[in-house]
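The values are calculated or read from the model by the stated rules, or taken from the named source; none is laboratory data. On a predicted model such as this, the values are computed, not experimentally measured, just so you know. Note that we place each Cβ from the backbone using ideal geometry, even for glycine, and neighbour counts take in every protein chain shown.
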Amino acid sequence: MNMTVLALLAALAAPAAHAVEYRTVLPKQSTIHFEFRQMGVPVKGGFKRFTTEMMFDPAKPEAARAQIEIDLASIDAGSPEADDESAGRLWFNRSAYPKALFVSSQIRALGNNRYEMRGTLMLKGRSREMVLPVTYTPGKNAATFDGGFVLKRLDFGIGEGMWADVATVANEVQVKFRIATTGN
């Protein structure tokens, strides 16, 4: 009888001992959007192509890591003219800097499936330390990681020259992302 009880306890404990580790990103269910104000009017956009590498185990969030690389040529800034303008030297200068890159350095649990992700954002040849709040939502077939932050475009030299006037184009750009993943 003792062996039966031990075997039953071991069988019940086995699924809990192996936590799900999220590594496989679902690109079609993942998004990066932004919003800023131009002449006081909100302008929404996003990026169509980006790659994400991540490793996240809810049981060990401190060991998590993430890297997001954005293809700046995939911008949707609301019109073909705005998309073309963003490529120029005064904006993204895509011929010299075709990608933006975020690399995490630390993940800290805040409770209730909320986390703080610290890392470095490299954009247009400049690097800045960032702190991104992220919410983890487990699901039956996939989990999502939702977050957002305010990017100050002038910190990265985005919108230089005549575009540096924040009365024309606001300095603050609200960035929101959703990364969908499956576990193994």
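The table for this structure:
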item	result
Unmet criterion (only one of (1) modelled with pLDDT of 95 or more; (2) touching a Phe, Trp or Tyr at 6+ places or on another chain (Cβ under 7 Å); (3) not charged (D, E, K, R)) for Gly183	(1)
Members of segment 1-45 that are modelled with pLDDT under 50 and within 22 Å of Pro138 (Cα to Cα)	Leu12, Ala13, Ala14, Pro15, Ala16, Ala17, His18
Phe56 vs. criteria closer than 15 Å to Val134 by Cβ and among the aromatic types (Phe, Trp, Tyr)	yes
Residue list for segment 78-102, filter: among the aliphatic types (A, V, I, L, M), surrounded by 14 or more Cβ atoms within 10 Å (Cβ to Cβ), part of a loop (DSSP other than H, G, I, E, B) and free of Cβ contacts under 8 Å to residues at least 40 places away in the same chain	Ala87
Scope segment 33-53; condition assigned to a strand (DSSP E or B), loosely packed, with under 14 Cβ neighbours inside 10 Å and among the basic types (Lys, Arg); matching residues	Lys44
Close pairs from segment 35-57: first at negative phi, partner of a type in the set (S, T, N, Q), Cβ under 6 Å, at least 6 apart	Glu35/Gln174; Phe47/Ser74; Lys48/Ser74; Arg49/Ser74; Glu53/Gln67
Yes/no for Ile75 being surrounded by 14 or more Cβ atoms within 10 Å (Cβ to Cβ) and touching a Gly at 6+ places or on another chain (Cβ under 8 Å)	yes
Unique residue being over 18 Å from Ala100 (Cβ atoms), in contact (Cβ under 8 Å) with a residue 12 or more places away in the chain and among the β-branched types (Val, Ile, Thr) when the list is Val150, Val166, Val173	Val166
